[in-house]
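Colleague: Okay, handing you the structure first.
The values are calculated or read from the model by the stated rules, or taken from the named source; none is laboratory data. Every value quoted in this text rests on a predicted model; they were computed, and no experiment measured them. Heads up, the Cβs are rebuilt from the backbone with ideal geometry, glycines too, and the neighbour counts pull from every protein chain shown. Accessible surface areas use protein heavy atoms only, side chains included; no ligands, DNA or RNA. Shrake-Rupley method; radii C 1.70, N 1.55, O 1.52, S 1.80 Å.
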Amino acid sequence: MPLVNTREMFAKAYDGGYAVGAFNVNNMEIVQGITEAAAEVNAPLILQVSKGARAYANHTYLMKLVEAAVIETGLPIALHLDHGDSFELCKSCIDGGFTSVMIDGSSLPFEENIALTRQVVEYARPRDVTVEAELGTLAGVEDEVNVSAEDSSYTRPEDVEEFVTRTGCDSLAIAIGTSHGAYKFKPGTKPQLRFDILEDVSRRLPGFPIVLHGSSSVPQEYVEMVNAYGGAMPGAIGVPEDQLRKAASMAVCKINIDSDLRLVMTGTVRKYMAEHPADFDPRAYLKPARANIRELVKHKLIDVLGCDGKA
């Protein structure tokens, strides 16, 4: 099976009341852990690559890793550019074999966001590549994304119809209270997503797939593991998984997960190295990291996204 775009998987997710997991990848072990979990539970999958990951791992290496995952699993897998910040970057990924791209013009004025998004759509559509856009600005820090809380803004539901109609985008990322990175909410506060905004958006865009960025739940056992072995991450609070489950049962068809994977890998490697200080074989500490990523992703696919058995 070749790589697929997101059009059909989102249509099935919307009708089925579940979301497809979009997991950020940076190296072989992360790709393997994610795809082994998806194969085990027969789930569709989006593997996404940020601009920074593409620069780190090299476009060709990432393409071959994802192609190997398709061969090994036989799953419907989309390869997606996460937070593309220019037409040129999106074009390069499309020409290089990506089947889905995100153009993030959310920091631009409304008309400029429309113009940039439309430019990418006009290039992608004849090549059967789907395009994700964004309205509203999420706070947080992750790769190229760096937005202060003061500069973040919720999506305005009254803007979505005009934006989607004029751009022709295939899915829309909205801001309802999630944020990038591990520090999403202040300690002592009760995280609460703005489901009223999601409901209003879905009413205005019936049947249209909505995306949530910044949706890692920040598994506390791995936060504690990072802290126990040389880290310092006090107050790292993620999005409650019950709220992500609710979003997945509504119009949200794609939920992005990245920080969870980083925490699992880093926590596992730090623990192994602390307990085996004389071991310098990368396979020894990357193997348990890969296994823990697999178990975390399996939990997300079954218990949070509800997409197990949907491939």
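Colleague: Report, by residue number, each residue of the range 17-32 that is within 20 Å of P2 (Cα to Cα) and either within 14 Å of the chain's Cα centre (by Cα) or open to solvent by less than 10 Å² (accessible area, probe 1.4 Å) (or both). Reasoning before the result, please.
Modeller: Filtering the range 17-32 for residues within 20 Å of P2 (Cα to Cα) gives 20-25, 28, 31-32.
V20, G21, A22, F23, N24, V25, V31, listed by residue number.
Colleague: Oh, and also: Please specify each residue of the range 87-115 satisfying the condition of being without any contact (Cβ under 8 Å) to a residue 12 or more places away in the chain and assigned to a loop (DSSP other than H, G, I, E, B).
Modeller: Within the range 87-115, L108, P109 meet the criteria.
Colleague: Quick one: what pairs do we get from the range 287-311, first residue in contact (Cβ under 8 Å) with a residue 40 or more places away in the chain and hydrophobic (A, V, I, L, M, F, W, C), second assigned to a helix (DSSP H, G or I) and open to solvent by 60 Å² or more (accessible area, probe 1.4 Å), C-beta under 7 Å, 6+ apart or different chains?
Modeller: Listed by first residue and then by second, the contacts come to V304/R245.
Colleague: Here is a further query. Give the range 95-111 a look and list any residue that's of a type in the set (S, T, Y) and open to solvent by less than 30 Å² (accessible area, probe 1.4 Å), or say none.
Modeller: Of the residues in the range 95-111, the ones of a type in the set (S, T, Y) are 99-100, 106-107.
Those that are of a type in the set (S, T, Y) and open to solvent by less than 30 Å² (accessible area, probe 1.4 Å): T99, S100, S106.
Colleague: I've got another one for you. List pairs: first in the range 271-286 and of a type outside the set (F, W, Y), second in a loop (DSSP other than H, G, I, E, B), Cβ under 9 Å, 6+ apart or cross-chain?
Modeller: Listed by first residue and then by second, the contacts come to K271/Y229; M273/Y229; M273/D279; A274/Y229; A274/G230; E275/Y229; A284/H276; L286/N27.
Colleague: Sort through D196, D242, D281 and tell me the only one that's under 20 Å from the mean Cα position of the chain (by Cα) and either charged (D, E, K, R) or at positive phi (or both). Lay out the reasoning, then the answer.
Modeller: Numbers: D196 fails: under 20 Å from the mean Cα position of the chain (by Cα); D281 fails: under 20 Å from the mean Cα position of the chain (by Cα).
The conditions single out D242.
Colleague: Still on this structure, please answer the following. Could you look through the range 205-222, keep only residues that are open to solvent by 40 Å² or more (accessible area, probe 1.4 Å) and within 27 Å of V297 (Cβ to Cβ), and pick out the one that is modelled with the highest pLDDT? Steps first, please.
Modeller: Keep residues of the range 205-222 that are open to solvent by 40 Å² or more (accessible area, probe 1.4 Å), which gives 206-207, 220-221.
With the extra rule that they be within 27 Å of V297 (Cβ to Cβ), the set shrinks to 220-221.
Details: Q220: 80, E221: 83.
Selected residue: E221.
Colleague: Please go through the range 55-93 and pick out each residue that is among the small types (G, A, S) and closer than 15 Å to L3 by Cα. Outline the logic, then answer.
Modeller: Of all residues in the range 55-93, those among the small types (G, A, S) come to 55, 57, 68-69, 74, 78, 84, 86, 92.
Of everything in the range 55-93, those that are among the small types (G, A, S) and closer than 15 Å to L3 by Cα turn out to be A68, A69, G74, A78.
Colleague: Only residues that are in a helix (DSSP H, G or I) and either over 12 Å from V25 (Cα atoms) or touching a strand residue (DSSP E or B) at 6+ places or on another chain (Cβ under 7 Å) (or both): list them for the range 60-74, please. Write out each step before concluding.
Modeller: Step one: list which residues in the range 60-74 are in a helix (DSSP H, G or I), which gives 60-73.
Scanning the range 60-74 gives T60, L62, K64, V66, E67, A68, A69, V70, I71, E72, T73.
Colleague: Additional query: Please state which one of N5, N24 is within 24 Å of S217 (Cα to Cα) and polar (S, T, N, Q). Show your work before the answer.
Modeller: Details: N5 fails: within 24 Å of S217 (Cα to Cα).
The unique qualifying residue is N24.
Colleague: Going through the range 38-55 one residue at a time, which ones are under 16 Å from the mean Cα position of the chain (by Cα) and among the hydrophobic types (A, V, I, L, M, F, W, C)? Walk me through how you get there before you give the answer.
Modeller: To start, the set of residues in the range 38-55 that are under 16 Å from the mean Cα position of the chain (by Cα) comprises 38, 43-54.
Selection gives A38, A43, L45, I46, L47, V49, A53.
Colleague: Report every pair of residues separated by at least 6 positions or lying on different chains whose Cβ atoms are under 7 Å apart, first residue within the range 42-65 and open to solvent by less than 40 Å² (accessible area, probe 1.4 Å), second of a type in the set (D, E).
Modeller: A43/D308; Q48/D82; V49/D82; S50/D82; S50/D143; S50/E144; G52/D143; G52/E144
Rundown of residues vs (1) open to solvent by less than 10 Å² (accessible area, probe 1.4 Å); (2) among the basic types (K, R); (3) under 18 Å from I34 (Cβ atoms), yes/no style:
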{"position": "R203", "(1), (2), (3)": "no, yes, no"}
{"position": "E224", "(1), (2), (3)": "no, no, no"}
{"position": "K246", "(1), (2), (3)": "no, yes, no"}
{"position": "K271", "(1), (2), (3)": "no, yes, no"}
{"position": "P277", "(1), (2), (3)": "no, no, no"}
{"position": "L286", "(1), (2), (3)": "no, no, yes"}
{"position": "I293", "(1), (2), (3)": "yes, no, yes"}
{"position": "K298", "(1), (2), (3)": "no, yes, yes"}
{"position": "L301", "(1), (2), (3)": "yes, no, yes"}
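Colleague: Quick one: which residue in S92, S148, S153, S86 is among the small types (G, A, S), out of contact with any strand residue (DSSP E or B) (no Cβ under 7 Å at 6 or more places or on another chain) and modelled with pLDDT under 95? Before you say what the answer is, go through the steps one by one.
Modeller: Working: S92 fails: modelled with pLDDT under 95; S153 fails: out of contact with any strand residue (DSSP E or B) (no Cβ under 7 Å at 6 or more places or on another chain); S86 fails: modelled with pLDDT under 95.
That would be S148, the only listed residue that is among the small types (G, A, S), out of contact with any strand residue (DSSP E or B) (no Cβ under 7 Å at 6 or more places or on another chain) and modelled with pLDDT under 95.
Colleague: Now for a different question. Quick one: which of D242, D260 is part of a helix (DSSP H, G or I) and open to solvent by 60 Å² or more (accessible area, probe 1.4 Å)?
Modeller: Of the residues listed, the single one that is part of a helix (DSSP H, G or I) and open to solvent by 60 Å² or more (accessible area, probe 1.4 Å) is D242.
Colleague: So which residues in the range 116-132 are within 15 Å of V164 (Cβ to Cβ) and not in a helix (DSSP H, G or I), if there are any at all?
Modeller: T130, V131, E132
Colleague: Does E161 fit the bill of being within 23 Å of P206 (Cα to Cα) and either out of contact with any His (no Cβ under 7 Å at 6 or more places or on another chain) or modelled with pLDDT under 95 (or both)?
Modeller: Working: within 23 Å of P206 (Cα to Cα): yes; either out of contact with any His (no Cβ under 7 Å at 6 or more places or on another chain) or modelled with pLDDT under 95 (or both): yes.
For E161, the condition - within 23 Å of P206 (Cα to Cα) and either out of contact with any His (no Cβ under 7 Å at 6 or more places or on another chain) or modelled with pLDDT under 95 (or both) - is met.
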